[in-house]
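**Student:** Encoded as structure tokens, here's the structure I'll be asking about.
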Amino acid sequence: MSFARWVSIYGSTYWTGLAWTAFIALWASFGAVVWGCVLLLIRLSAGRWGARGVDAYVQLFRNTPVLLPIYLIYFAFPMIGLPWPAVVCGGLALILQNGAYISEVLRGSVNAIDRVQFDAARSLGLAPWGTFRKVVLPQVLVYSLPALGNQVVLLLKDTSLLSAISITELTMQAKLLTEQTGAAYEAFIVVALLYLVLVSSTEVLFRVAHHAVRWR
Amino acid sequence: MIPPGSLALLAQGAAVSLLLAAAAIVGGTVLAIVLAAAAFSRIAAVRALYRVYVYIVRGTPLLVLALLLFYAMPALDLRTGPYIAGTLVLIIYTGALFAEVFRGGVLSIPRPQWESARSLGLPPVAMFRKIVAPLVTRYTLPPYVNVCVMTVKASSVLSIISVWELTLAAREIIERTFAVFTILGLAAAFYFVMCFGIDRLGRRVERRLALRGFAGERA
């Protein structure tokens, strides 16, 4: 079957997959950034044991594949009385994993903040929470935008793993189409192209955002 | 607590994972050296080809590449099962990552090094052996080790194309025994030991290779 003919026949079936992938990637990225900020806050404010706890958490997720938390949440939550939909389980696993990486990214940027600013914040009478929210966080997020972009791209690609827990995102869609039609090349090349488009537009988006906020 | 026999199965799976990763690291490194050479080619078309390769491999999920190859293999009439496809896709994937690491390493060689090598009249082979290789290995060791760790983790994705390794072993045991927490915890422990071990090993090599007063200085 020619490629153009394939797209004209099956093109529309990809829309749901694309929507699911974009939806999961979007809310999981948002969640991962928030979770990364929370981990950073714990590391900075909860003393030595808080920092150690975050360290252990980060090391654990850094050294294990993301499929494990995906399976863990998907299989274990129904057993402990939380029959959440697969989309929530999968998204949660991605948030837990990527939050660990993002907290490390943000930690790197904290060091870029001039120490004087902390003294200034204190002399203005800002409480630690106020310092974190008004001084540390805005700068850290701006400094880390390029690295955050990389992490979001990784997360976006990892959403493909959620096909293993029966979410009909892009990869699952291609698998289903392959089983229906036997045309693996066509089904997966379209999906690969769609991922390339998603990844490239994410990268462009973050580059634009970085340029927009750089000179503040 | 631990379902009988599962520990041995998981250990076997871990061994397979490690073998897959080792094959991918060796194959990927060789591929990456060729690719990195292409990245610095004099011919613009070759450089463009390198960029396209890296763009495609880094822009698509590993699972999609794996499934593409997995389904394409029978179509090519290569009846080899998922192991060859899995190893191949890991090599393709790590090759792109390693190549970017090496390219970055070459780019961070300080300009005076190039200039002095040229002014000494070193032939290209000697320049590579005496200047480029020693510097690039030291510059790129930390990111290289990172990619190695990523490769071990990435091998878990192959479980989805039915390559029997640690993650698939864990999944099979869970489907039989429903011991989700125990089995996934054990699998995580195996992965952790492998990845953390590679990381520590990398640091040891890094210390051994360190040249006093130089290795830390980058352009």
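**Student:** Return yes or no: is A:GLN59 out of contact with any Gly (no Cβ under 8 Å at 6 or more places or on another chain), of a type outside the set (A, V, I, L, M, F, W, C) and under 27 Å from B:LEU62 (Cα atoms)?
**Tutor:** So A:GLN59 passes the test.
**Student:** Of all the residues that make up region A:63-88, how many are of a type outside the set (A, V, I, L, M), at the interface with chain B (Cβ under 10 Å from one of its Cβ atoms) and surrounded by fewer than 19 Cβ atoms within 10 Å (Cβ to Cβ)?
**Tutor:** The number of residues fulfilling the criteria is 2.
**Student:** Could you grab me the full set of residues in region A:34-50 that are crowded, with 18+ Cβ neighbours inside 10 Å and within 18 Å of the chain's Cα centre (by Cα)?
**Tutor:** A:TRP35, A:GLY36, A:CYS37, A:LEU39, A:LEU40
Here's the yes/no breakdown for (1) part of a helix (DSSP H, G or I); (2) modelled with pLDDT of 95 or more; (3) out of contact with any Cys (no Cβ under 8 Å at 6 or more places or on another chain); (4) more than 14 Å from chain B (Cβ to nearest Cβ):
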position	(1), (2), (3), (4)
A:TYR14	yes, no, yes, no
A:GLY17	yes, no, yes, no
A:PHE30	yes, yes, yes, yes
A:LEU41	yes, no, yes, yes
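**Student:** Can you tell me which residue is nearest to the other protein chains (Cβ to nearest Cβ) among those in region B:169-191 that are surrounded by 16 or more Cβ atoms within 10 Å (Cβ to Cβ) and in contact with a Pro (Cβ under 7 Å, 6 or more places away or on another chain)?
**Tutor:** Across region B:169-191, the extreme among qualifying residues is B:TYR191.
**Student:** Pick from region B:61-103 the residues that are hydroxyl-bearing (Ser, Thr, Tyr) and at pLDDT below 95: which of them is farthest from A:THR171 (Cα to Cα)?
**Tutor:** Taking region B:61-103 first, the residues hydroxyl-bearing (Ser, Thr, Tyr) are B:71, B:80, B:83, B:87, B:93-94.
Next cut, at pLDDT below 95 only: B:71, B:80, B:83, B:87.
Working: B:TYR71: 13, B:THR80: 23, B:TYR83: 20, B:THR87: 20 Å.
Among them, the one singled out is B:THR80.
**Student:** Moving to a separate point now. Looking only at region B:91-112, decide whether some residue is touching a Pro at 6+ places or on another chain (Cβ under 6 Å), within 30 Å of B:LEU201 (Cα to Cα) and more than 14 Å from every other protein chain (Cβ to nearest Cβ).
**Tutor:** Yes: region B:91-112 contains one or more residues that are touching a Pro at 6+ places or on another chain (Cβ under 6 Å), within 30 Å of B:LEU201 (Cα to Cα) and more than 14 Å from every other protein chain (Cβ to nearest Cβ).
**Student:** If I ask for residues that are over 20 Å from A:LYS157 (Cα atoms) and surrounded by fewer than 13 Cβ atoms within 10 Å (Cβ to Cβ), which ones from region A:169-212 would you list?
**Tutor:** Selection gives A:GLU179, A:GLN180, A:GLY182, A:VAL208, A:HIS211, A:ALA212.
**Student:** Working carefully through the options A:GLY53, A:GLY91, find the one that is away from chain B (no Cβ under 14 Å), buried (at least 17 other Cβ atoms within 10 Å of the Cβ), among the small types (Gly, Ala, Ser) and part of a helix (DSSP H, G or I).
**Tutor:** Of the residues listed, the single one that is away from chain B (no Cβ under 14 Å), buried (at least 17 other Cβ atoms within 10 Å of the Cβ), among the small types (Gly, Ala, Ser) and part of a helix (DSSP H, G or I) is A:GLY91.
**Student:** Determine if region B:60-73 includes at least one residue that is assigned to a loop (DSSP other than H, G, I, E, B) and away from chain A (no Cβ under 11 Å).
**Tutor:** Within region B:60-73, not a single residue is assigned to a loop (DSSP other than H, G, I, E, B) and away from chain A (no Cβ under 11 Å).
The values are calculated or read from the model by the stated rules, or taken from the named source; none is laboratory data. None of these values were measured; they are calculated from a predicted model. Note that we place each Cβ from the backbone using ideal geometry, even for glycine, and neighbour counts take in every protein chain shown.
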